[in-house]
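Scroll down for the structure; my scribbles are underneath it.
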Amino acid sequence: MNELDFSGKTVLVVGGSSGIGNGIAQSFRSRGAKVHVWGTRPSAADYARDDGSNLDGLQYSQVDVSDCDAIERFVPTFDRLDVLVLSQGTVLYGRREFEIDGFQKIIAVNLTSLMACSRKFHGMLKASGGSLIIISSMAAFRSTKGNPAYNASKTAAYGLTRTLGEAWAEDGIRVNGIAPGFVDTKLTKVTTENPKRRTGVEQRIPLKRLGTPDDIAGAALFLASPLASYVIGQTIVVDGGLILA
């Protein structure tokens, strides 16, 4: 028996159009799952591979997760759901998160939408005895000086994972999370495209390299699989050891 074979399973990755979410989506697809992804652009054709996007074989839908009504209005094209991965997230630089408008924008996408999506698909996950995986961040465990909203939202996502894990276990839904460290995606280009900054970050990571979306996908596959059948409410830190430094 291959516990990492997801043939016959249906997976939805919110934020699966690029970055970490896209890596997770393609990892499930490569293991037999039918994978749906949500993104912000009108169609899959609007995503370019040089942005870290590979929509091949994925079922794409445009949904604005900052709008809870849009999430609630969404009509699924699938009749069952085995795995829901919430990988949506954004950040604002230049101290814009210290402004109320910027702060609220980040909270809407990085936190409020997590609960809205979880509620939306609770019934389907209960029916399948499914798995919910919330992507937070290593920022949940340390300060991020220039990004108060990002930090607050990811810390809250960590707490939400624990609470939903306890609350929904009685429904047969396993809720867990992943806290990525510094992953090379378009959201981190402010650092990765600056050689001095990139080298500085890499030197602080015990493994001496940035993470990749595939690194995070490995943890997601585990948490969604029977290998993690007794794991509830946990958030796995996947950061190459950065949190230890």
Worksheet entry | Around residue 9: net Lys/Arg minus Asp/Glu count, Cβ-Cβ under 11 Å | +2
Worksheet item: Separation between the residue 41 and residue 77 pseudo-spin-labels, each 7 Å from Cα along Cα→Cβ, expressed in nm?
Response: 1.7
Worksheet item: Anyone know which of 32, 94, 102 comes out most mobile in the 10 Å Cα GNM of the chain?
Response: 94
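Sequence gap at least 6, Cα distance under 8 Å: using those rules, report the relative contact order of the chain to the nearest whole percent. Walk me through the numbers on the way to the answer.
Details: 509 pairs, mean separation 49.1, N = 245.
Taking the mean separation of contacting Cα pairs over the length of the chain, I get 20 percent.
List the chymotrypsin sites (Phe, Trp or Tyr not before Pro) in the range 172-235 that DSSP assigns to loop (not H, G, I, E or B) and whose Cβ has at most 10 other Cβ atoms within 10 Å. Which are they?
On the way: sites: 182, 222, 230; in loops: 182, 230.
Listed in order of number, the matching sites are 230.
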Worksheet item: With respect to the cross-link table entries 186/208; 154/189; 154/186; 105/126; 120/154, which display a Cα-Cα separation exceeding 23 Å?
Response: 105/126
Practice prompt. Enter the angle in degrees (range 0 to 90, nearest 10) between the Cα long axis of helix 213-224 and the first principal axis of the Cα atoms of the chain, meaning the one along which they spread out most.
Written response: 40
Practice prompt. Give a residue-ordered list of calculated ³J(HN,Hα) values for the range 12-26 (Karplus: 6.51 cos²θ - 1.76 cosθ + 1.60, θ = phi - 60°; whole Hz; x for Gly, Pro).
Written response: 10, 10, 6, x, x, 7, 7, x, 4, x, 5, x, 5, 4, 5
Worksheet item: Given springs between every Cα pair under 10 Å in a Gaussian network model of the chain, which of 147, 194, 176 has the largest fluctuation?
Response: 194
Discussion item. Taking the Kirkwood radius as the inverse of the mean 1/r across Cα pairs, report the Rg/Rh of the chain.
Written reply: 0.94
Discussion item. Can you work out the Karplus-derived ³J(HN,Hα) for every residue in the range 140-153? Use 6.51 cos²θ - 1.76 cosθ + 1.60 with θ = phi - 60°, whole Hz, and x for glycine or proline.
Written reply: 5, 10, 7, 6, 10, 3, x, 9, x, 6, 4, 5, 4, 5
Discussion item. Could you identify which residue out of 39, 57, 159 has the top mean-square fluctuation in a GNM of the chain using Cα springs shorter than 10 Å?
Written reply: 57
Worksheet entry | Coordinate range along principal axes, alpha carbons of the range 1-87, Å, largest first | 41, 31, 18
Practice prompt. Enumerate the amide H contacts of residue 13 below 5 Å, restricted to partners 5 or more residues apart or on another chain; note that Pro and chain-start residues carry no placed amide H.
Written response: 36, 37, 38, 85
Worksheet item: Under unit Cβ charges (Lys, Arg +1; Asp, Glu -1), what dipole magnitude, rounded to 20 debye, does the chain have relative to its Cα centre?
Response: 600
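None of the figures in this text is laboratory data; all of them are computed from the coordinates on show. As the structure is a prediction and not an experimental result, all values here were calculated from the model. When we count neighbours, we look across all protein chains shown, and the Cβ atoms used for this are built from the backbone with ideal geometry, even at glycine.
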